[in-house]
Structures are given as structure tokens and as C-alpha cells.
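Asker: Structure provided below as C-alpha cells; questions to follow.
The values are calculated or read from the model by the stated rules, or taken from the named source; none is laboratory data. Just so it is clear, the structure is predicted and the values come from calculations on it, not from any experiment. Here the Cβ is made from the backbone with ideal geometry for all residues, glycine too, and neighbour counts use every protein chain on show.
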Amino acid sequence: MTEATTKTAVVIPQLIVGLGNPEPKYERTRHNVGFAAVDALSRHWQIPLQENHKFQGEYGEGIAANKEKIRLLKPLTYMNRSGQAIQAVTNWYKLPPESILVIYDDMDLPLGKTRLRLSGSAGGHNGIKSAIAHLNTQNFPRLRIGIGRPKDTTNEENNAVAHVLGKFSASETQLLSQVLEFVVECIELCLSQGVEKAMNRCNTRTFTHPEF
């Protein structure tokens, strides 16, 4: 395969990973939005997730919308060691890094916005830092879900931690449910047409708070 052919190859995910932290206290927090996305995919495709000790996470596999096998993973290693679980699955199934799509939260995007990319740096996200370290490459697709920044900027570092580990408000939860529906749509587009084509749709849509 020539270099030119490699560059134009269509990237179809085989493993979808949602990042988050285990334990009930982290449920429905902003930092766990990756878990919420994989849960939404699990429900939509009717692929049950079960704890898998070998893969250090909740894992499931089944047939997705493109009629091909898909694997879902929620690492239970805590965020900063997410790469361990991702590496366990990729080594076992001998998956190339570009076939792994990672979903995670991003403070640089407002809630209601998603951003799909083929590769990139960690951007300060510990889960992605771990994924890059264990996969030994930045060349894997990722879907970032905006969670916005804290309104109070007096003590930025402490407020950022409190923000990502805080739970969504009632109105934010309503908005997030729309975003997660859209995430399912984006992932199905990735599977049917490839990540690059799906980027055109997934990076242009913005959801806003419903009017009360």
C-alpha cells in the first residue's frame, strides 16, 4: 500500500471507548460524559456491557448499524489510567490505533457542541494522555463532548476540578440528552461512511438550552 493510499483510507471504528471514572459518586458528572455516550450506544444497539477483568473495564460487543461487529468499552481504571484498559482490548484483538474511537469531555467546548477529529494531542486531558502513552501514538479518532468552563474564575484550578467532577443541572441534563442522541447519530455515520466524512456533520451542529 502506498503512502498516498494510506492517507486516503477510510477510517471505520472497530472499538468505541468512553472515558470516565468508576464508583457511584462519579455517576452523571461532567467528567463521565464519555461513559454516558457509551451507555447510549449500548442501549441503542442493544449491546449489553459487563465487567471484564481481562480488559479492566465494562465491555460489550455486537452488531452495529453498519452490520459489522463493534466493540464498546468503559475503562474502570480511573481516568488517568484509561490507556491500560484500551491497550488490553487492542492487544487482545490486534486492533490498529486508528480503529479506536475515544469519546470524552472537553471544557474548551460549550455544552451542546461536539468535535470529531482523526487525531490530535491530549489537550491537557488525563484520560487521553494515558491513551496516547499506551497506544504509543496520537493517531486515533476522538469525539469530544463539550461541558463548558466554570463561571467562577477566581480560583481557576480548583474550580476546574470542581466543575468536571460536578453533576449536570436539570436544564443541562435535558440538553445533554439531545447531545447524546446526536453522538449516536455521529458514531453511526463514522461506521457507515468513515470518520472523516462524519466530521462535516458532527462539527457543525450546536444544541442550545431548551426554552422554558
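Asker: Within region 198-209, track down each residue that is in contact (Cβ under 8 Å) with a residue 60 or more places away in the chain and surrounded by fewer than 18 Cβ atoms within 10 Å (Cβ to Cβ).
Answerer: Those that are in contact (Cβ under 8 Å) with a residue 60 or more places away in the chain and surrounded by fewer than 18 Cβ atoms within 10 Å (Cβ to Cβ): Asn203, Arg205, Thr206, Thr208, His209.
Asker: Within the bounds of region 2-21, is there any residue that is over 14 Å from Val102 (Cα atoms) and modelled with pLDDT of 95 or more? Walk me through how you get there before you give the answer.
Answerer: Here is the first cut: in region 2-21, the residues over 14 Å from Val102 (Cα atoms) are 2-10, 21.
Going one step further and asking which of them are modelled with pLDDT of 95 or more, we end up with 21.
Scanning region 2-21, I find at least one residue that is over 14 Å from Val102 (Cα atoms) and modelled with pLDDT of 95 or more, so the answer is yes.
Asker: Do the conditions hold for Gly123, that is, is it at pLDDT 95 or above and either under 22 Å from Val164 (Cα atoms) or touching a Lys or Arg at 6+ places or on another chain (Cβ under 6 Å) (or both)? Before you say what the answer is, go through the steps one by one.
Answerer: On the way: at pLDDT 95 or above: no; either under 22 Å from Val164 (Cα atoms) or touching a Lys or Arg at 6+ places or on another chain (Cβ under 6 Å) (or both): yes.
In short, no.
Asker: Follow-up. For region 65-145, please list each of the strands (runs of 3 or more DSSP E) lying entirely inside it that holds at least 3 residues being charged (D, E, K, R).
Answerer: On the way: elements: 69-75, 100-106, 114-117.
It comes to 69-75.
Asker: Further question on the same structure: Would you point out which residue out of Pro13, Pro96 is under 13 Å from the mean Cα position of the chain (by Cα) and more than 28 Å from Phe168 (Cα to Cα)?
Answerer: Result of the check over Pro13, Pro96: Pro13.
Asker: List pairs: first residue in region 167-181 and within 15 Å of His31 (Cβ to Cβ), second residue surrounded by fewer than 15 Cβ atoms within 10 Å (Cβ to Cβ) anywhere in the structure, Cβ distance under 6 angstrom, at least six positions apart or on different chains.
Answerer: Lys167/Arg28
Yes/no per residue for (1) surrounded by 13 or more Cβ atoms within 10 Å (Cβ to Cβ); (2) among the aromatic types (Phe, Trp, Tyr); (3) at pLDDT 95 or above:
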residue: Asp105; (1), (2), (3): yes, no, yes
residue: Ala133; (1), (2), (3): yes, no, yes
residue: Pro141; (1), (2), (3): yes, no, yes
residue: Arg144; (1), (2), (3): yes, no, yes
residue: Gly148; (1), (2), (3): yes, no, no
residue: Asp152; (1), (2), (3): no, no, no
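Asker: How about region 53-64: which of its residues are under 18 Å from the mean Cα position of the chain (by Cα) and hydrophobic (A, V, I, L, M, F, W, C)?
Answerer: Correct list: Phe55, Ala64.
Asker: Taking region 8-46, which residues are assigned to a loop (DSSP other than H, G, I, E, B), of a type outside the set (Gly, Ala, Ser) and surrounded by fewer than 18 Cβ atoms within 10 Å (Cβ to Cβ)?
Answerer: Selection gives Val10, Glu23, Glu27, Arg28, Gln46.
Asker: Next question, about the same structure. Checking the structure you have, find out if any residue of region 22-33 is modelled with pLDDT of 95 or more and acidic (Asp, Glu).
Answerer: Looking for residues that are modelled with pLDDT of 95 or more and acidic (Asp, Glu), one finds none in region 22-33, hence no.
Asker: Pick out the one residue from Pro96, Pro75 that is out of contact with any Pro (no Cβ under 8 Å at 6 or more places or on another chain), buried (at least 19 other Cβ atoms within 10 Å of the Cβ), closer than 30 Å to Gln193 by Cα and without any contact (Cβ under 8 Å) to a residue 60 or more places away in the chain.
Answerer: Working: Pro96 fails: buried (at least 19 other Cβ atoms within 10 Å of the Cβ).
When all the criteria are applied, what remains is Pro75.
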